[in-house]
Amino acid sequence: MGEVKLLGGLGFSPYVNRVEMALKLKGVEYEPIAEDVKNKSPLLLQHNPVHKKVPVLIHNGKGIAESLIIVEYIDQVWQEGPPILPKDPYQRAMTRFWAKFIDEKCIIATWKACCSTGEEQEKSKEESMEALKFLEDEIKGKKFFGGENIGFVDIAANFIGYWLPIISEVKGVQLITEEKFPNLWRWMNDYCNDNFVKGILPSKDALVERFKSK
Amino acid sequence: MEKSNKGVQLVGFWVSPFVHRVKWGMKLKGIEFEYIEEDVFNRSPLLSQINPVTGKVPVLVHDGNPLPESSIILEYLDEVWSHAPLLPLDAYQRAQARFWATFADQKVFESAWLSVCSKGEIQEKAVKDAIGHLERMEEQQGGRRFFGGDTIGHVDLMMGFVAYMLPVWEEVAAVTILDASKFPNLAAWKSNFVDHPAIKGDLPFKDEMFTYFQGRREVHLQRI
């Protein structure tokens, strides 16, 4: 199927991790290439000149940027692995909606709720609660957002499932508790303990160190 | 594909560029639909019911199933009504189109809109950013008839607001973002776009847009 490289591989970024999950779900062999954000490689600057960010997937010499766009690309190109997005057009569209909601509302609000201060933090905490309530409703009655198996929304929600509890612990800001969000709490545990996901997540200790210094 | 019993409805607001994108998409594909105007400043129970998460327009309702978010609606239209495709079929080209569509929304739109909602240093920076983002789009446009090539595609629809709404914003905010002499590809593309039969007949009147956005600018400046 051609040569596949992942810029940003072997790192700690949840956005890179999304792509790694998709590649591994489809059984695609790839070469992970570590990137130093303070010293960006010529390959990164060549294949993502607009944003200069990881992840970038390089397939047959052509670069694709933006994690969720890359995951959709992987789903389309490698048809023989398990589907990441549903086949039904309406289900697909709603899947894309929830992934966008997670990116644009949940991640930004929860990150700020943990890492900002004062009024901005208070406002972000409120926004986080509102946003997480919608996710709570969406996961009710389902093992994963994708149903019985991990899908596009579960991949998009990796920050919520794994990174956020670690940041919360380091910064001392509790957002998702079992009492407030029982369904999301249950999903987080299923997700992080899933054998497949577990094997791809970066080490908790390494993440704790990184967030302590932020 | 089962034949729809409940048809297609589009819930929108007359001046929303996000709603216009979907209308154009439907026109390009020849999809019949019922348009329902919503006053976004005085939301009806309908809107809260069909889009409880963000409460925004546009919302497409197909066979009773509601779907918000203009870019997602356009992809849905492409999958259900697959003739006259808006997105390229090739996976790599598709990924590129999605990338530039996101760029149009998150960078071009956001910075241009900020220039309407601000003044002073914030506005100056917004204008500078918008010009920088347009330079990327100018390069991307590359002198073709449309971003989609010979026919209007997904990126054209996402960038469409630049062709007819940005000039109004520039006038309201008293700024220059798209100087035709500096952006010849985009200037030519603008004319191609607004002259296209699927786009032409359906644009809001310039003076109505001016009055509306002038009002919005005043509201935003009061908040600062």
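The values are calculated or read from the model by the stated rules, or taken from the named source; none is laboratory data. The structure presented is a predicted model; accordingly, all values stated were derived computationally and were not measured. Cβ sites come from the backbone with ideal geometry, for glycine too, and all protein chains shown count toward neighbours. What goes into the accessible areas is simple: the full protein's heavy atoms, side chains included, and nothing from ligands, DNA or RNA. Shrake-Rupley method; radii C 1.70, N 1.55, O 1.52, S 1.80 Å.
What to note about this one:
- Measuring between their Cα centroids, the stretch A:17-63 and the stretch A:171-214 lie 24 Å from each other.
- Separation of the alpha carbons by more than 18 angstrom is noted, of A:100/B:107; A:125/A:171; A:40/A:112; A:26/A:142, for A:40/A:112; A:26/A:142.
- Accessible surface ranking for B:35, A:162, 1.4 angstrom probe, highest first: B:35, A:162.
- Alpha-carbon spread of the stretch B:50-156, three principal axes, descending order, Å: 48, 39, 20
- Per-residue mean of C-beta atoms belonging to partner chains within 10 Å, peptide A:100-106: 2
- Note on the stretch B:8-80: Kirkwood hydrodynamic radius from all Cα pairs is 12.0 Å, rounded to one decimal.
- For the residues of B:67-75, the average number of beta carbons from a partner chain within 10 Å of their own beta carbon is 4.
- Over 23 Å (Cα to Cα) - which of B:23/B:200; A:53/B:119; A:123/B:128; A:62/B:190 fall in this group: A:53/B:119; A:123/B:128; A:62/B:190
- Dipole of the stretch B:8-80, positive end: most advanced residue of B:52, B:73, B:41 [Cβ charges, Cα centre]: B:41
- Kirkwood-Stokes translational diffusion coefficient of chain B, alpha-carbon pairs, 37 °C, 0.692 mPa s, µm²/s: 180
- Residue B:59 long-range amide H proximity, modeled H, under 5 Å: B:11
- Ordered by solvent-accessible area of protein heavy atoms (1.4 Å probe), largest first, the residues B:62, B:83 come out as B:83, B:62.
- Over all other residues within a Cβ to Cβ distance under 15 Å of residue A:123, the charged ones net out to -2, with Lys and Arg as +1 and Asp and Glu as -1.
- The tail of the calculated P(r) for the stretch A:100-214 beyond 22 Å holds 30 percent of all Cα-Cα pairs.
- Panel values: the protein assembly as shown, Kirkwood radius from alpha carbon pairs, Stokes-Einstein at 4 °C and 1.567 mPa s, translational diffusion coefficient 56 µm²/s.
- Computed [θ] at 222 nm, deg cm²/dmol, the protein assembly as shown (DSSP H ≥ 4; -39,500 (n - 2.57); rounded to nearest 500): -16000 deg cm²/dmol
- Exercise: per-residue mean of other protein chain Cβ atoms within 10 Å, A:88-97: 6
- In range of the label at residue A:91: residues from the stretch A:1-37 whose backbone nitrogen is under 20 Å from the point 7 Å along Cα→Cβ: A:22, A:25-26
- Three-way shape label, the stretch B:91-223, alpha-carbon gyration tensor, a/c 1.5: prolate
- Neighbours of residue B:89 by Cβ distance under 12 Å: Lys/Arg scored +1, Asp/Glu scored -1, total -2.
- Global form of chain A, assessed from the alpha-carbon gyration tensor, a/c cut-off 1.5: oblate
- Under 12 Å, Cβ to Cβ, from residue B:159 - net charge with Lys/Arg +1 and Asp/Glu -1: +1
- Most simply put, the protein assembly as shown has about 75% antiparallel DSSP beta bridges, counting only bridges with both residues inside it.
- On the protein assembly as shown, 50 percent of the accessible area sits on carbon and sulfur atoms, based on a 1.4 Å probe.
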